[in-house]
Amino acid sequence: MGEQVQDRQSFVPGDQAFQDDLRRRHRRAKRWQVFFFASLVVGLLALLALFANVADEAFGTIAIASKYSEAEVLAALSEARGVTVEGPLEALENDDLAQVLALYIPRRVPVIVRDELSRVKPEDFTRVPLREALAGATLPPDIADLTISQLSLEQQTAILSANLTHDVLYARVLNDVIGLDILKSWTLSRTLFDYAGIEAEFQALVAAQDPPNPQLKPHSWLNSTFVTGTQSSYPELAGIRTAILGTLWIMALTMLIAFPLGVGAAIYLEEYAHSGNWLERLIETNIRNLAGVPSIIYGLLGLAIFVRALAPISSGALFGFNEANGRTIFSAAMTMALLILPVIIIAAQEAIRAVPQSIRDASYGLGATQWQTIWYQVLPAALPGILTGTILSMSRAIGETAPLIVIGASAVIFVDPSGPFSKFTALPIQIWQWTARPQEEFRNLAAAAIIVLLALLLVLNSAAIILRQRVSNRLRG
Amino acid sequence: MMSSNGDGRYAVQIRHLNVFYGPRLAVREITMPIARNKITAFIGPSGCGKSTVLRAINRMNDLIPEARVEGEVIYRGENIYRPEIDPVEIRRRIGMVFQKPNPFPKSIYDNVAYGPRVLGIKDRRTLDQIVEQSLRQAALWDEVKDDLKKSGLALSGGQQQRLCIARALAVEPDVILMDEPCSALDPIATERIEDLMKELVVDYSIVIVTHNMQQARRVSEYTAFFTTDESRTGELVEFDRTDKVFSMPSDPRTADYIAGRFG
Ligand SMILES: Nc1ncnc2c1ncn2[C@@H]1O[C@H](COP(=O)(O)OP(=O)(O)OP(=O)(O)O)[C@@H](O)[C@H]1O
Ligand SMILES: [Mg+2]
């Protein structure tokens, strides 16, 4: 027992002073609250502006001209079929669309077959049998051993009708027959708020150039042809399937490499290397610094190591693939993995450190080894945090452009990537490429591709978040 | 003080134990036995090194990077600090219940089954039996038997502590070290755990750290009183039969402490 303090001196403010001060404290708290709310509003507005800008470009109005009108084409088709074919053109079946191609541009039919379906080099296409040239396509058995030039026009047309999607055939009819030409495009905002102005511009354009069959119509640059189609130098035909697949391949491989390596390194640093000597401190500091290195430098590193030095591996030559060089999905994924590795390591370290020591003590106290403690207790408890960091790093990697440009992603790729050793393009590359073109229409395409990229990001993130939620629910029991 | 001789009455013997945290000596020259199938209580003011000595008995101090141990802890005729002894085996035989209940963030079943699983037991039926038996021994079975899938963290503090005891019993240790197991519990839960210890002592040797003099008196057979010297290093002042320590302490510091005049 201590001694009783007799005259206790009072230091805190008296009643009146306290009341006045309390009001002042509440006022100050209010001001900060307003500030926090304003920050949120500014952030949301910025986001809104971004979306508005992208949507403005991706949707709008276009002025088109065409060599033939739809009515003319339908009339010609009806005559060839001997029955009246009802429009609109877009509603026609595959064989009708292919027939239109055969009617109007018979000499281009084999070229279309090659562009859309060929699995061999262009110079070999007319020489090898179709079984090989169109590997994977649906072919009547009797023509499989012939070459394309030995087929009749009807047989060639049948190949198109059987193997191309409706959207591609329709796009071909629009582009190659109707000769659809986009004269000019207008943004969504002008379409909504200044349609009269657009019409005036359209009239002036028609008067000045006198294009055949001019037409003004609303247009969404984001459409099914765009998402499922392959690349094209015609904006109305261009699609980003190869880019989407490229991005998916790269992300999958990147995660496959970076996740185990990153978590492994974090486990080592947190659970094993705890003597705190200068070497460990040096390593930790370096990892933290690496997380801030500009991505283009990782690109240069990837170019030097994976594309050049490890060319036999990254080109797949060592495994019997014959890519010409190391500019493959493998190199891209390795580079991206290096890029996000520090972020994953740091996030995993934080998550592992946040696991209470009492859980480790309990496990050791029961006679578990260090490995059992890590595997059964520490990792499961840290997993939600690790996944959060991984989601963030994935979001960063999916939009990275610079390293891909440096290691030499091909901008123009017609064949879907089929594995780690394929050449590739990726969504950010495609977007960058399109924004660099002078024609207005490609900027519209870039905006549509940005929407696809954002949607992809959203889907991948949601999947990861659902996974994380399930893990932490299981932990809470 | 009782001298330690090596016959079968002792589960563990501590000899000339010094523990350092970094350069600082935390406890000095502890020598005392832990009697077999008896409850030994550690009492003493806060910071005198009770937990430190307790952790030295099953090498939990190994987990504190800056801790260093000198001296011997004899278990089954061998010094557990000899380099060729695996601390994993020691901890499996000398179990521990911590001051703060620390169930794993897993189901009640998985909490109890964790120890046996770590030992390589996979058979579901065997595990079921171990879980039931351990929970019964820890007097928790009736409260949770319909809810074994529930998270261990969803139990009350007292139930969590009994779950931790059940978890420790599941690997069938020789010795159970309990560091203030009742400090977070109400009197009823405390009484349950005390009753439990009295039942368990038939099969196990128990060491309990406590700040509660009555508890030490009620449950223990032997009592060790620790305190700190001027340099804040902990030392063992008195070790004897509990009734002797509380009725006729041989050291004035012990008398002061149990009379509540100090600490
Ligand atoms: N991990 C640690 N690192 C450094 N010093 C420690 C550590 N753990 C304990 N100590 C010091 O060792 C001394 C003994 O601590 P210990 O926890 O053994 O005391 P205690 O008797 O169990 O106290 P309490 O009754 O409050 O639990 C204290 O001075 C404490 O500051
Ligand atoms: Mg303690």
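The values are calculated or read from the model by the stated rules, or taken from the named source; none is laboratory data. Please read all numbers here as calculations on a predicted model, not as lab measurements. Cβ atoms come from the backbone with ideal geometry, glycine included; neighbour counts cover every protein chain shown.
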*Report the residue count in region A:128-173 for those that are in contact (Cβ under 8 Å) with a residue 12 or more places away in the chain, polar (S, T, N, Q) and more than 12 Å from A:Val109 (Cα to Cα).*
4
*List every residue pair whose Cβ atoms sit under 6 Å apart, with the two residues 6 or more apart in sequence or on different chains, where the first one lies in region A:413-429 and is outside the structural domain of A:Arg119 (by TED's automatic domain parsing) and within 21 Å of A:Arg396 (Cβ to Cβ) and the second, anywhere, is assigned to a loop (DSSP other than H, G, I, E, B) and among the hydroxyl-bearing types (Ser, Thr, Tyr).*
A:Thr425/A:Ser410; A:Pro428/A:Thr401
*Which members of region A:435-477 meet the condition of being within 30 Å of B:Leu155 (Cα to Cα) and assigned to a helix (DSSP H, G or I)?*
A:Ile465, A:Ile466, A:Leu467, A:Arg468, A:Gln469, A:Arg470, A:Val471, A:Ser472, A:Asn473, A:Arg474, A:Leu475, A:Arg476
*Any idea which of (1) within 14 Å of another protein chain (Cβ to nearest Cβ); (2) under 21 Å from A:Phe259 (Cα atoms); (3) out of contact with any Asp or Glu (no Cβ under 8 Å at 6 or more places or on another chain) is the one A:Gly385 doesn't satisfy?*
(3)
*Starting from residues that are within 9 Å of chain A (Cβ to nearest Cβ) and closer than 26 Å to B:Ser183 by Cβ, keep the ones in region B:112-140 and report whichever is surrounded by the most Cβ atoms within 10 Å (Cβ to Cβ).*
B:Gly115
_Hits in region A:270-313 (condition: among the hydrophobic types (A, V, I, L, M, F, W, C), away from chain B (no Cβ under 14 Å) and more than 33 Å from the chain's Cα centre (by Cα))_ = A:Trp278, A:Leu279, A:Leu282, A:Ile283
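Within region A:164-184, is there a residue that is basic (Lys, Arg) and buried (at least 19 other Cβ atoms within 10 Å of the Cβ)? Spell out the reasoning first.
Initially, region A:164-184 is screened for residues basic (Lys, Arg), giving A:172, A:184.
From what's left, buried (at least 19 other Cβ atoms within 10 Å of the Cβ): A:172.
So far as region A:164-184 goes, yes, one or more of its residues are basic (Lys, Arg) and buried (at least 19 other Cβ atoms within 10 Å of the Cβ).
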_Every residue in region B:205-241 that is under 18 Å from B:Ile176 (Cβ atoms) and of a type in the set (Ser, Thr, Tyr), please._
B:Ser205, B:Thr210, B:Ser220, B:Tyr222, B:Thr223
_Taking the condition of being in contact (Cβ under 8 Å) with a residue 60 or more places away in the chain, of a type outside the set (Ser, Thr, Tyr) and surrounded by 14 or more Cβ atoms within 10 Å (Cβ to Cβ), how many residues in region A:59-91 meet it?_
10
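For every residue, the table says whether it meets (1) closer than 14 Å to A:Pro342 by Cα; (2) surrounded by 14 or more Cβ atoms within 10 Å (Cβ to Cβ).
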position: A:Leu245; (1), (2): no, yes
position: A:Ile250; (1), (2): no, yes
position: A:Leu256; (1), (2): no, no
position: A:Leu269; (1), (2): yes, yes
position: A:Asn277; (1), (2): no, no
position: A:Thr285; (1), (2): yes, no
position: A:Gly292; (1), (2): yes, no
position: A:Gly302; (1), (2): no, yes
position: A:Leu310; (1), (2): no, yes
*Got at least one residue in region A:319-332 being in a helix (DSSP H, G or I) and exposed (fewer than 15 other Cβ atoms within 10 Å of the Cβ)?*
yes
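Does region B:141-151 hold any residues that are at the interface with chain A (Cβ under 9 Å from one of its Cβ atoms) and surrounded by 16 or more Cβ atoms within 10 Å (Cβ to Cβ), and which are they? Break it down into steps so the answer makes sense when it comes.
Residues of region B:141-151 that are at the interface with chain A (Cβ under 9 Å from one of its Cβ atoms), as a first pass: B:149-151.
Residue satisfying the conditions is B:Ser151 alone.
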